Every structure is written in structure tokens, then in C-alpha cells.
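What follows is a set of notes on a single structure, which appears directly below.
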Amino acid sequence: MKITRIDTVHWKRPEDAPWFPNWTWVRIHTESGHAGLGETYPRSEAEAALVHSTVAPLLLGRDAGDIDRIWSDLYRTFDFQITGGTEMRVLSAINLALWDLFGKVLGIPVYRLLGGKSNPKVRVYNTCFFLRYDFNKEPEKIMRDVMEHYGVKAIKIWPFDPAAQRNQHEFVTHSDIEEGLAPVRKLRDTFGSDIEIMMEFHGGWNLTSAIQIAKALEPYQPAWLEDMLLPDNFAQYRLLAEATSLPLTLSERIAGLMRFHEMLEARVAKFVMLDVTWCGGLSEGRRIASLAEAFQLPIAPHTAGGPLLFYASTHLATACTNLWIMESVQRFYESDWQKMISNPIVPADGFVRVPELPGFGMEIKPEVWAHPAAITRTSQA
């Protein structure tokens, strides 16, 4: 299990490949010949540079099985220099690679290392990255498509984002609210209560605007309101939670157990969203999920990034006993992943199942590693 080499692979621009390459892959190799794959996004050049300038010298020659000690050592190294951003994303990728490697060495899926199969099937919703239809104009066509082909009965849209950007995040008008409500009305008029509607806001609003939008949405009973405010002021989130009957979801955009503990102590979220390529990896994701369970709250993993994020999140969701639902993206499993993964995870009857393969079980087509636009760097002992 001695670490002998660390590779990074990324693409400089999304248009450089026939899939949407917005991530950085990190491969950790050992003297046994095994390799584990990690991932993070979306600042690829900075992430790759940090891996080779700072992380590789700290890891080469170490035992890859010491997952928690490596996590702690890296976190303390980064924290001394004010951890966050690129540092936390790289720590997440390294941690994922070590878990993938450990599963491959033992010949078992990662979810077994997390405690086994609590959820044989993982319920998913669809996030509407553009594929064939615009969710602002034809959300019912997207919903019908994923219902008929994949059994998915929940959809996430962000129709208020154009107004937030247009108004520089400062105010909302009645016409802005009517514009944002239009696709929500269309979904409810078409499908009634047979579907769930998740509302995403990308932290685009101030408290006053968020309260007005939340009140306008209450008659349509969305499943949640996600990241309405910036994630840095839980006291204001508390005021928002008190002002609406709708549940709040946050936050894919915060990282580390201590920050999640602050959020949970503020009693603002009804669903806890985490991204294992941002929050500190699978080790920290597992701890955050357990902390959420102590607060009697479910998790809803965020997966709108690279492909390994979805595989690793499926393992976490399979093992956790406080799962509500997990994100999926039709464009990814129907288009991008088909071009680069031999065994893409695709929903059936509204659920996905974890691969019964060693590690995370994501099988990348060999030609992907040799893609002419791939930028590969290596550090070795």
C-alpha cells in the first residue's frame, strides 16, 4: 500500500472533449500495482498544481491505507495556511482516491467499507442541465421524458436565477416573481401532486427578496428551497426559515464537519446537502451524514459535477441510514458518460443501484486516458 506515484488529469476547456470535462481526476498508485481514482472540480489548473506542488511530497512513500491519518495531516497542513477553496477540494479528491484504492486492494465495493447496504436502491431526482429542452419554457417535456424513460418523479429547476443576475442580486420585482413562477405552475398544472419540484437558487438573493419569493412559492408546495442566500450567515437563514412554511436545503457550498455543525446548530435546514468532492471527501461526507442523523435530519447528496462524484455519492447514499434523495443529471448519464464510461449508472424506476465492483466501480474507457487534449501530470517517488 506504499504510495509510489500521483497523477492528475484534466481538460483545459469544456470544448476540448466530446463530453463535458469540468473536473480534475487524481490517481494514486501503490507499489502493489493498484490505483485509486479521486475527483474534484471546477478549478482544474489550480487543483492539479496544488496536488503536485504541496500534496505529492507529503504523500509519496506513505501507506495509502492510513486514510484518516492522511486526511487529518493534510487538513492541518492546509488549515495552518487558512484552508478552503482549492485546498479543501484537493483534500476531497485525495480522500476519494484512497477509498477507491482501498476497495480495489480488498476486492470489495466501498459501501461495504462504510457499513454495508442500508439502501439497496437510491431514489434520485433530475437536475435540468440542458439536453433537449429549456426548463424555463418546456419543463413538462423534461419531466415527462425522465418519468417515461427512467421512472424519475422529481425535478430541480432554477427559474429565478435570470432575475437575480439581471438585478445584480439586489432586489426582486413582482414581474420577476411571475417570471420565475411560470415553469413551476406549468409543472403543477401538468402533473399535479404526482411529482416533486426542487427549487434551486444558487445563493442569488438577499433575505428580503428570498422571503418574498418563498411566500410566492408556498401555494405550489415545492419539496425544498435550496441555497436562497449566500451560505455565510446562518442567523439570516434562521430568519428565512421562520418566515416560510417551506423547508430549506443547504449547502453543497460549505465544507468541513465544523462548518456543517454550525449550520445544524442554527436549526435552519430540513435537508442537508453535501458534495463529497468539495466537503472533504468521503471520510468527511460520512461524518457529516452521521452528524445530520444526530440532528434527526436526512441528507440529499449533490452530484452535479464530474462522474466519480456520482459514483462515490451512490456508495455513500447506499450505506447511510438517513438518505432522503440524491441528485442525478439526465444529460450526464444519457449523453456525456456514454462516451467515456463503460458502465454508466442509469436510473430505473426512479432509483439507481450501486455497482457491485471493487472500489467505486467506475470503469473509464481506455481511450479517455489517451485523449489528445487531456493534460496529465505525474509526481513519483
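Coordinate-derived values only; no laboratory data. These numbers were taken from a predicted model, which means no experiment stands behind them. Note that each Cβ is placed from the backbone with ideal geometry, even for glycine, and that neighbours are counted across all protein chains shown.
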On full extension of the chain, what length is gained from R13 through D66, given 0.36 nm per residue of separation minus the C-alpha to C-alpha distance? 15.6 nm
Among V184, V329, L131, the residue whose Cα sits farthest towards the positive end of the charge dipole of region 113-352 (+1 at Cβ of Lys and Arg, -1 at Cβ of Asp and Glu, taken about the Cα centre) is V329
Treating the beta-carbon of each Lys and Arg as +1 and of each Asp and Glu as -1, no other charges, what is the dipole magnitude of the chain about its Cα centre, to the nearest 20 debye? 620 debye
Would you please classify the overall shape of region 66-168 from the alpha carbon gyration tensor, given that a ≥ b ≥ c denote the square roots of the eigenvalues, rounded means a/c under 1.5, and beyond that prolate means a/b larger than b/c while oblate covers the rest? oblate
Please work out the Cα center distance from region 271-308 to region 25-47, rounded to the nearest Å. 20 Å
Options (i) 21.1, 68; (ii) 27.9, 93; (iii) 20.5, 63 - which one matches Rg and Dmax of the Cα atoms in Å as calculated here: (iii)
With 10 angstrom as the radius, rank V368, V9 by how many other C-beta atoms surround their C-beta, starting from the fewest. V368, V9
Quote the FRET efficiency, to the nearest 0.05, computed for E45 versus E367 with a Förster distance R0 of 35 Å and r equal to the Cβ-Cβ distance. 0.90
Which entries in the list K141/K186; K121/K153; K137/K270; K117/K365 go over 20 Å, if you measure between the two C-alpha atoms of each? K137/K270; K117/K365
How would you rank 370-381, 182-193, highest first, on the average number of other Cβ atoms within 10 Å across their residues? 182-193, 370-381
Contact order relative to length of region 113-352, as percent, for alpha carbon pairs under 8 angstrom and 6 or more apart: 25 percent
In nm, give the distance between the simple-model label positions of L207 and K339, each being 7 Å from the Cα along the Cα-to-Cβ direction. 4.6 nm
Provide, as a two-decimal number, the C-alpha radius of gyration of region 236-293 over 2.2 N^0.38 Å, N being how many residues it has. 1.11
Which shape class applies to region 1-128: rounded if a/c is under 1.5, otherwise prolate when a/b exceeds b/c and oblate if not, where a ≥ b ≥ c are the square roots of the Cα gyration tensor eigenvalues? rounded
Work out which helices of the chain, taken as complete DSSP H runs, extend at least 24 Å along their axis over the Cα atoms and score a mean Kyte-Doolittle of 0.5 or more, then list them. 86-106
